[in-house]
Every structure is written in C-alpha cells, then in structure tokens.
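Written below as structure tokens is the structure these notes are about.
The values are calculated or read from the model by the stated rules, or taken from the named source; none is laboratory data. Small disclaimer: the values here were computed from a predicted structure and weren't measured. FYI the Cβ positions are ideal-geometry reconstructions off the backbone, even for glycines, and counts take in every protein chain you see.
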Amino acid sequence: MQDPRTDFDPVNAEHQLTIRIAWYYYVNNMTQQQIADRFGLTRVRVNKVLANSRETGVVQIRINSKLASCIELEHGLQELFGLGRVTVVPTPEDPRMIFRVLGVAVAPTIHEQLFDGCIVAVGWGRTLRQAVLETQSRVLQGMTVVSLLGGLHYGSANNTVEIASSFAGLFGGSHYYLAAPVYAPSAQYRDMILAEASVQDVLGKAKKADLALVTVGDLTERSLMFELGMVSPDDARTLKATGAVGDLLGRWLDRDGVEVNHPLNRRAISLELEDLKRIKKVVLVSGGPYKADIIRAVLLRNFVHELVIDEATAQQLLEQGI
C-alpha cells in the first residue's frame, strides 16, 4: 500500500532520489556537498530535497529528551487545568513553523494510544494535517477514524475528509466523515442535515471514540476559517462583538468557554461540545500566543484530558491563570 503521507509514486525516480539523499545525509552522515558531488547535483538542490523530505514526512525526527523549562510548564498546566498529561515543546522562531512543531510533538502521543479495534475522532486544520505526516504507520485491525465536523466542498489537504482518510490509511483502517459543510446555509437546514441517518451514524461513532484529536482556531486573519472564506470579515466583527475569542469544531467560544450567541453557532455541523465528554480521551494540540485565549477557554470546559502546546503559549496560559 502506498504511504498516504506522501504523493510520491513508490517507483518514481524522483522519489527514489529523495530517499537516497535523505539516507546518505541522516544515516550515513555525509555532508550536503558530498551528496551533491555523488549524484551530480548542486548543493542548493540537495538542500531543497532534504527540506521537502521533512515537510512531507518522509523523514521524521524524534528527540528523546526534554528541556527543564518545558517540564516545569507541563507540571504547572497539569495542576492549573487538571489535565492528565501536558507536552510542551520549544516555540519556533518562525511562526509559520508552529504547525510542524506541534505535529512532531503530538505524533508519539497518537502512536502510543492506538490499538486494534479503536475508534479515533479527528477535527481538521493545518496542525492535525502535520500530525498525520509525522505519525508512524503500522497495521491495526478494525481501526476506525471518524470526522468530528463537516468539511469543504472541494479537495484540500487540511479538510476533514482528507485528514480522516489519510489518518486511517496510516493504519489500514476505515474512515467516516460528515457529508455536509462546516456551516449550513441556515439553522433550519442544519437541523435537517443533523437529522439524516448517515450523519447520526457518524456522530454516534464519534461519541464512542477511544481518542479524539482536536485543535482550535483564533479570531484573526491567521485562522484557516478566514483563509478559506468560511468566516467573512463581517462575521469576524459580529463574533468579536459577542465576546468570541476563537472556535473549537466550528463552535465559537468566549473567554470562559461558553458558546456565544451568534448565527454561525446555530449553523455549525459538528459534534456537540458537551458530547466530547463522552469520549475516553480528548487531546488538544494547538499553539501560538495568539491562540492563548481560545486554548484557555477550551480547557475551562473540562473535556480535554491531554494538551500539546508550545512553550511561549504555555507560559502565557500560566500567567493568565484560571
């Protein structure tokens, strides 16, 4: 079976070259110039191939040690929010790298908690997409992956459908998704969609999940919701007016974790947030100081068991307190 983490053809010559370059660099400890000379390439080309091999998950790096400052933050957040486990990793200097850093951080947590016959419920977004790329594959019998919310009407690597299918593909499992948008055109249409048998079936499986992987979105132009046009500037203005600080599964929350009174919340097609409490283990993976308010809001709802976060944001949460 082709590895779902990459679009490469297993017999593609370019892919084979990528693997060889990565092997010589990371395993044989050859320099980039030595590899360039060996294959008749420029050093710039070798550098780009190595960078791409990291981005696509062909090469995965594990660091089996922790910074003392991160450990201190982990203990602090566990105590503050009553969490079972917290993983804190250094904040990247380049904010665009935050998704990859968090994906690397959560991958071991994902891998160790899966088993034959398990049900995994997943959200969407760039962080979870990176988590899929960084998670090691293995065969699990009877594994099921379900989406926690609706998706886009077109293909996107960050879409709920693609994330669920890619994740299931890592373990030879099956996947189910909500054949509906994140936001219905109206509250009435949302109710009709939620009443459909197929939608109820997926949501029913989600409630029985052994593990849920979720992330959150903030209320700035950085948000994937804004980037994809799912939330308009007008929506942002009215959401802020209600006190919203960000969303979880398309549900917009205020600083205290309460769903705000806004039309988008009445049109959202996703698992009810209170139903997350039925799931055996909920892992929130998110970071960036601009998301501190929404992360705190979600943690106050007490349905998150484990948190994966970056150092700067963890520090901000501790300073804010309950």
If you go through VAL214, VAL245, VAL231, the only one that is of a type in the set (A, V, I, L, M, F, W, C), out of contact with any Lys or Arg (no Cβ under 9 Å at 6 or more places or on another chain) and at pLDDT 95 or above is VAL214
How do the pairs read when you match residues in segment 266-284 that are assigned by TED's automatic domain parsing to the domain that holds PHE115 with residues anywhere that are surrounded by 15 or more Cβ atoms within 10 Å (Cβ to Cβ) and among the β-branched types (Val, Ile, Thr), using Cβ under 6 Å and keeping only pairs 6 or more apart or on different chains? ILE269/ILE193; LEU276/VAL282; VAL282/VAL304; LEU284/VAL214; LEU284/VAL304
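Can you spot a residue in segment 263-275 that is under 18 Å from ILE98 (Cα atoms), buried (at least 23 other Cβ atoms within 10 Å of the Cβ) and either at pLDDT below 95 or not hydrophobic (A, V, I, L, M, F, W, C) (or both)?
Step one: list which residues in segment 263-275 are under 18 Å from ILE98 (Cα atoms), which gives none.
No: segment 263-275 contains no residue that is under 18 Å from ILE98 (Cα atoms), buried (at least 23 other Cβ atoms within 10 Å of the Cβ) and either at pLDDT below 95 or not hydrophobic (A, V, I, L, M, F, W, C) (or both).
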Just give me the residues in segment 208-237 being of a type in the set (D, E, K, R) and either farther than 28 Å from LYS280 by Cα or surrounded by 17 or more Cβ atoms within 10 Å (Cβ to Cβ) (or both), in sequence order. ASP210, ASP218, GLU221, ARG222, GLU227, ASP234, ASP235, ARG237
Residue pairs, Cβ under 6 Å, 6 or more apart or interchain, first in segment 14-30 and polar (S, T, N, Q), second assigned to a helix (DSSP H, G or I) and surrounded by 14 or more Cβ atoms within 10 Å (Cβ to Cβ). List them. THR18/VAL49; THR18/SER53
Sole exception among (1) surrounded by 19 or more Cβ atoms within 10 Å (Cβ to Cβ); (2) among the polar types (S, T, N, Q); (3) over 16 Å from SER286 (Cα atoms) for GLN141, by number: (1)
Which numbered condition LEU102 fails, given (1) buried (at least 19 other Cβ atoms within 10 Å of the Cβ); (2) assigned to a loop (DSSP other than H, G, I, E, B): (2)
What number of residues within segment 189-238 satisfy the criterion of being of a type in the set (Asp, Glu), within 19 Å of the chain's Cα centre (by Cα) and not in a strand (DSSP E or B)? 3
Limited to segment 160-188, what total is found for residues that are assigned to a helix (DSSP H, G or I) and either of a type in the set (Val, Ile, Thr) or out of contact with any strand residue (DSSP E or B) (no Cβ under 6 Å at 6 or more places or on another chain) (or both)? 9
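Could we say that GLY321 is buried (at least 17 other Cβ atoms within 10 Å of the Cβ) and modelled with pLDDT under 95 here?
On the way: buried (at least 17 other Cβ atoms within 10 Å of the Cβ): no; modelled with pLDDT under 95: yes.
Criteria not met by GLY321.
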